[in-house]
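Student: Pasting a structure below so you can have a look.
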Amino acid sequence: MRKLLICLLSIIILGMSGSTSAQIVNPVKWKFSSRAISADTVEIIAQASIDKGWHLYSSFLPSNGPVPTTLKLNPSDGFELLGGVEESPKPESHYDASFSMDLAYFEGKAAFIQLIRLKQGRPVQVSGEVEYMVCDDERCLPPTSEEFVLSIGGGAGAVPVETVAAVDQPAVGEPEGESRSHASLFWLSFLAGLAALVTPCVFPMIPMTVSFFTKQSKTRAAGIRNAGWFGISIMVIYVLLGTVVTAVFGADALNALSTNPWFNLFFFVLLVVFAISFFGAFEIVLPNSWVSAVDRNADKGGLIGIFFMAFTLALVSFSCTGPLVGTLIVQAARVGGVAPVIGMLGFSLALAIPFAFFAAFPGYLNSLPKSGGWLNSVKVVLGFLELAFAFKFLSIADMVLDLHLLEREVFLALWIVIFGTMGLYLLGKIRLPHDSPMDHLPVSRLMLALVVFSFTVYMVPGLWGAPVNLISGFPPPKEYAESPFGVGKDQPNNSQGVADGNLNVGLPPHAHFGPQGIPVFDDYQLALDFARSVNKPLLVDFTGKGCVNCRKMEDKVWSNATVKTMLSNDFVVVSLYVDLRTPLPATEQYVSPLTGKKIKTIGNKWSDFQMSRFHRNSQPHYVILGNDEKELVPSTAYDPDVARYISWLNSALAR
């Protein structure tokens with residue numbers, strides 16, 4: 001009743017104020033229920049009804065992105081979890097340039113399902129919460145949560161802890177297939193399969209395979225049938241490999257491991273070993289006994305013999321395909337779920353099609369180029385690519401551990417050297433152990449060398465702070481650098497005085513350099529005290545680590561020279577991140593009078609401050625306050641129009 005009166009009073013006050021900018025929105029309504037599958041197996045279902053124009057993020061997002069939706073059940077002796085959370089229906093997936101990744105989300109409705117097994121034959125209470133984040137085209141809301149309690153058995157239904165509006169139960173079907181990130185992985189794997197075809201271990205096997213089918217097939221129809229089965233066998237073998245990896249590690253464990261710094265270090269070492277192998281230092285081969293055992297079964301006739309011949313191909317070519325398959329499995333780990341199966345499907349499909357085609361139509365073999373030293377060159381080029389990608393995993397581990405050993409400039413320098421060396425290799429200036437003598441430079445190698453050198457030169461300005469958008473997402477972000485302001489641009493000297501309030505000549509205590517090098521605070525009271533001491537207005541920036549439009553405003557508006565100068569010299573800026581997970585000390589935790597929820601993290605604190613003080617809960621949200629903490633001008637939100645933002649700042653200064 002108390003919370004209801006507070007909410008009604010807030011609505012009346014907002015209505016009387018007539019403000020169109022002050023509003024607290026709640027675009028997602030939740031309903032919690034359970035459904036018995038068998039005598040001891042139950043589904044826990046969290047159903048979301050999403051307002052038009054808003055989207056709710058999926059549970060399965062890449063690391064370093066927005067906050068995913070998480071359904072968590074509190075541990076209990078009365079039940080155990082079966083598998084991970086499943087989603088229904090299929091989320092949409094779109095590439096987001098701000099995060100340099102595919103992001104999956106729901107519109108309209110969504111259901112998150114957790115299967116549990118009851119340990120005892122009596123009613124049990126299941127409690128938990130769903131944590132989620134929603135955005136529309138212009139703003140994001142801070143991560144929030146809804147708690148619930150379900151009585152399983154005895155006929156009781158869902159008992160939400162928080163009072164929420166009930167919604168009609170959406171139809172819960174079977175979770176659907178792959179997101180767009182899975183499609184990207186499929187095509188990446190397909191290209192890797194095509195690359196594997198033109199390696200020294202695989203390419204010479206094509207005429208040998210055709211010879212086998214020509215001799216074994218009495219008619220052309222039989223040859224086509226056998227060739228088709230051979231291609232299917234290749235796909236089955238590699239897809240089984242992906243299935244085993246998924247089954248051993250679990251549907252979501254690979255994704256969790258991919259964000260672990262120690263596993264990223266392992267992946268880095270693994271890819272470096274693969275690269276050295278491709279360079280010709282050694283070969284990664286399987287035991288001869290394995291190959292011999294499988295090869296003996298290939299002598300059998302019929303479909304079984306053809307299957308084992310495909311198996312023999314996989315084993316014999318392992319020294320070339322193994323590093324590619326290993327790299328794909330590592331990349332699939334970053335996607336999670338059934339990604340290893342999808343990756344192996346794409347790889348094996350590309351590998352199988354040419355073998356099946358030439359086995360069915362041997363006459364086209366004459367159009368194939370002859371084997372030669374160019375095959376080893378392909379292998380070496382793949383080694384350079386393996387080495388370059390390896391440093392991405394080392395970079396992730398370095399950033400997670402906050403070691404600052406592989407900052408942006410070092411990463412770019414390594415890539416410049418790697419691709420520059422690749423260009424020299426393509427021009428024949430460098431020879432490796434298995435390379436054949438080259439009397440002249442083929443046109444194909446010259447053209448590829450020009451592309452590689454152009455890419456290398458393109459990366460060089462990145463050392464001086466250029467964005468190098470073509471490789472966005474690979475190097476560390478700009479702020480994770482030796483020179484966040486660009487090489488040759490010195491950071492303001494903090495030893496210089498700030499008594500005159502000019503933030504350009506140094507940093508005040510407790511401030512740091514934020515977006516675009518603008519000095520910012522991260523604590524409201526400290527920023528307010530400093531603003532009063534220098535008699536400047538306080539610009540409060542309600543933002544979020546996972547807020548896409550916040551980054552767009554910082555990249556497109558705050559980067560403007562006029563805006564940057566004004567924010568640095570004429571205002572005191574405080575950025576309050578509403579999605580920080582850093583726990584508050586126990587003595588500072590409290591229950592919000594507005595929402596009735598416990599404020600446990602720094603992000604919760606700033607989100608509650610925004611709602612209770614300014615009656616909004618979306619980001620970005622910009623407020624300019626005077627020394628008396630009153631708003632100088634109406635607040636503003638996402639608006640990439642630089643001229644309007646400058647006008648807004650000037651109007652506050654005029655007041």
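The values are calculated or read from the model by the stated rules, or taken from the named source; none is laboratory data. Source: prediction; values computed, not measured. All Cβ positions, even for glycine, are placed from backbone atoms using ideal geometry, and neighbour counts span all protein chains on display. In case anyone asks, the SASA skips ligands and DNA or RNA and just uses the protein heavy atoms, side chains included. Shrake-Rupley method; radii C 1.70, N 1.55, O 1.52, S 1.80 Å.
Student: Give me a count of the residues in region 57-70 that are assigned to a strand (DSSP E or B) and surrounded by 22 or more Cβ atoms within 10 Å (Cβ to Cβ).
Tutor: Qualifying residue count, region 57-70: 1.
Student: Would you say Tyr425 is within 24 Å of Leu197 (Cα to Cα), surrounded by 15 or more Cβ atoms within 10 Å (Cβ to Cβ) and without any contact (Cβ under 8 Å) to a residue 60 or more places away in the chain?
Tutor: For Tyr425, the condition - within 24 Å of Leu197 (Cα to Cα), surrounded by 15 or more Cβ atoms within 10 Å (Cβ to Cβ) and without any contact (Cβ under 8 Å) to a residue 60 or more places away in the chain - is met.
Student: Residues of region 125-143 being of a type in the set (Asp, Glu) and part of a strand (DSSP E or B), which ones?
Tutor: Selection gives Glu129, Glu131.
Student: Looking at (1) hydrophobic (A, V, I, L, M, F, W, C); (2) buried (at least 17 other Cβ atoms within 10 Å of the Cβ); (3) at pLDDT 75 or above, which one does Leu194 not meet, given that it meets all the others?
Tutor: (2)
Student: If you don't mind, another one. Of the numbered conditions (1) modelled with pLDDT under 80; (2) within 28 Å of the chain's Cα centre (by Cα); (3) among the polar types (S, T, N, Q), Thr456 satisfies every one except a single condition; which is it?
Tutor: Thr456 satisfies every listed condition except (1).
Student: Looking only at region 89-131, count how many residues are modelled with pLDDT under 85, among the hydroxyl-bearing types (Ser, Thr, Tyr) and in contact with a strand residue (DSSP E or B) (Cβ under 7 Å, 6 or more places away or on another chain).
Tutor: Result for region 89-131: 2.
Student: Being under 24 Å from Leu56 (Cβ atoms) and in contact with a Ser or Thr (Cβ under 9 Å, 6 or more places away or on another chain) is true for just one of Ser607, Ser618, Ser612. Which residue is that?
Tutor: Being under 24 Å from Leu56 (Cβ atoms) and in contact with a Ser or Thr (Cβ under 9 Å, 6 or more places away or on another chain) holds for just one of Ser607, Ser618, Ser612, which is Ser607.
Student: Another question about this same structure. Among the residues of region 632-651, which ones are out of contact with any helix residue (DSSP H, G or I) (no Cβ under 7 Å at 6 or more places or on another chain) and more than 22 Å from Leu141 (Cα to Cα)?
Tutor: Listed by number, the residues that qualify are Ala643, Arg644, Ser647, Trp648, Asn650, Ser651.
Student: Something else: Among the residues of region 35-52, what is the count of those that are more than 18 Å from Thr70 (Cβ to Cβ) and either of a type in the set (D, E, K, R) or open to solvent by 50 Å² or more (accessible area, probe 1.4 Å) (or both)?
Tutor: Total satisfying the criteria: 8.
Student: Sort out which residues of region 481-506 are modelled with pLDDT of 70 or more and surrounded by fewer than 18 Cβ atoms within 10 Å (Cβ to Cβ), and write them in order of number.
Tutor: Glu482, Ser483
Conditions tested, residue by residue: (1) hydroxyl-bearing (Ser, Thr, Tyr); (2) surrounded by fewer than 18 Cβ atoms within 10 Å (Cβ to Cβ).
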residue	(1), (2)
Leu115	no, yes
Lys119	no, yes
Ser127	yes, yes
Val130	no, no
Val134	no, no
Phe148	no, no
Ser151	yes, yes
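Student: Looking at (1) modelled with pLDDT of 75 or more; (2) farther than 16 Å from Thr312 by Cβ; (3) aromatic (Phe, Trp, Tyr), which one does Tyr238 not meet, given that it meets all the others?
Tutor: (2)
Student: Asp398 passes all but one of (1) at pLDDT below 65; (2) assigned to a helix (DSSP H, G or I); (3) open to solvent by less than 40 Å² (accessible area, probe 1.4 Å); which number fails?
Tutor: (1)
Student: Name the pairs whose Cβ atoms lie under 8 Å apart, with the first residue in region 438-461 and open to solvent by less than 80 Å² (accessible area, probe 1.4 Å), the second part of a loop (DSSP other than H, G, I, E, B) and of a type outside the set (Val, Ile, Thr), and 6 or more positions between them or separate chains?
Tutor: What qualifies is Met438/Gly428; Leu441/Leu427; Leu441/Gly428; Arg445/Leu427; Arg445/Gly428; Leu446/Leu427; Ala449/Leu427.
Student: So, in region 329-346, of the ones that are open to solvent by less than 10 Å² (accessible area, probe 1.4 Å), out of contact with any Leu (no Cβ under 6 Å at 6 or more places or on another chain) and within 25 Å of Trp229 (Cα to Cα), which residue ends up modelled with the lowest pLDDT?
Tutor: Pro340
Student: To continue, here is another question. Scan Ala256, Ala314 and give me the residue that is modelled with pLDDT under 60 and assigned to a helix (DSSP H, G or I).
Tutor: Ala256
For (1) open to solvent by less than 50 Å² (accessible area, probe 1.4 Å); (2) within 25 Å of the chain's Cα centre (by Cα); (3) in contact (Cβ under 8 Å) with a residue 12 or more places away in the chain, each residue gets a yes or a no:
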residue	(1), (2), (3)
Val557	yes, no, yes
Ala561	no, no, no
Tyr590	no, no, no
Thr595	yes, no, yes
Gly603	yes, yes, yes
Trp606	yes, no, yes
Arg616	yes, no, yes
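Student: Please pick out the residue among Leu580, Leu526 that is outside any strand (DSSP E or B), touching a strand residue (DSSP E or B) at 6+ places or on another chain (Cβ under 9 Å), open to solvent by 10 Å² or more (accessible area, probe 1.4 Å) and at pLDDT below 90.
Tutor: Being outside any strand (DSSP E or B), touching a strand residue (DSSP E or B) at 6+ places or on another chain (Cβ under 9 Å), open to solvent by 10 Å² or more (accessible area, probe 1.4 Å) and at pLDDT below 90 holds for just one of Leu580, Leu526, which is Leu580.
Student: Given (1) assigned to a loop (DSSP other than H, G, I, E, B); (2) in contact (Cβ under 8 Å) with a residue 40 or more places away in the chain; (3) closer than 30 Å to Glu147 by Cα, where does Lys545 come up short, assuming only one miss?
Tutor: That leaves (2) as the condition not met.
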